[in-house]
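S.K.: Here it is, the structure, as structure tokens.
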Amino acid sequence: MLRTLLLTGLLVTVGCFSKDDDTGPEPKADGDGDGLTDAEEAELGTDPAKADSDGDGYSDGQEVEYGTDPNDVWDKPYEGGWDIDFGCRDSVVGSGDEVGEIAFDFEAYNQHSDLLSLYDFCDHTVLAVASAFG
């Protein structure tokens, strides 16, 4: 009799953990499918109904992953795939235009028509080749 009660109790306990009973947390809403939840989009100020809030061709989720601003059309991952050094990206300050100084207003375009910022390559050696036609 005791053996029957234990077996019945075990079956009832096992029955409580049915796979049909999904009690886990609900997935967070991502209305536009860009990889960011609607709550994350609200925090960033991006549009939860548009996968690419700034219209630069990169989804908001991609921009957050690469460390660029999903609200700025000019700030996007480099087409050539160069890694951006985010550790110092916002801390570099221009100091002058002499050799060894950091230019105040450097602008150049790469072969993919990306506007380059030397501030994105803080801990890397950069070879800049320029030419002018006149």
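Readers should treat all values here as calculations from the given coordinates under stated rules, not as data from a laboratory. Just so you know, these numbers come straight off a predicted model, no measurement behind them. Quick reminder, even Gly has a Cβ in these numbers, built from the backbone with ideal geometry, and neighbours come from all protein chains shown.
S.K.: Pull out the extension gain between Leu127 and Val99, defined as 0.36 nm times the separation in residues minus the alpha carbon to alpha carbon distance; nm, one decimal.
M.R.: Details: separation 28, 0.36 × 28 = 10.08 nm, distance 1.39 nm.
Roughly 8.7 nm would be gained on extension.
S.K.: Taking amide H atoms as placed 1.01 Å from N in the peptide plane, list the residues 5 or more away in sequence, or in a different chain, whose amide H sits under 5 Å from that of Leu116.
M.R.: Close amide H contacts, sequence-distant or interchain: Ala108, Tyr109, Asn110.
S.K.: Tell me whether the range 48-134 comes out rounded, prolate or oblate; compute the Cα gyration tensor, take square roots of the eigenvalues as a ≥ b ≥ c, and use a/c under 1.5 as the rounded threshold. Provide the component values of the computation, followed by the final result.
M.R.: Values: a/c = 2.31, a/b = 1.65, b/c = 1.40.
Prolate, because a/c is 1.5 or more and a/b exceeds b/c.
S.K.: What do you get when you divide the Cα radius of gyration of the range 40-94 by 2.2 N^0.38 Å, with N the number of residues? Working shown, then result.
M.R.: Numbers: Rg = 11.8 Å, N = 55, 2.2 N^0.38 = 10.1 Å.
Against the empirical 2.2 N^0.38 Å value, I get 1.17 for the range 40-94.
S.K.: Tell me, what is the FRET efficiency for Glu107 and Ala29 to the nearest 0.05, using R0 = 25 angstrom and their Cβ-Cβ distance as r?
M.R.: Values: r = 40 Å, r/R0 = 1.58.
For R0 = 25 Å, the calculated efficiency reads 0.05.
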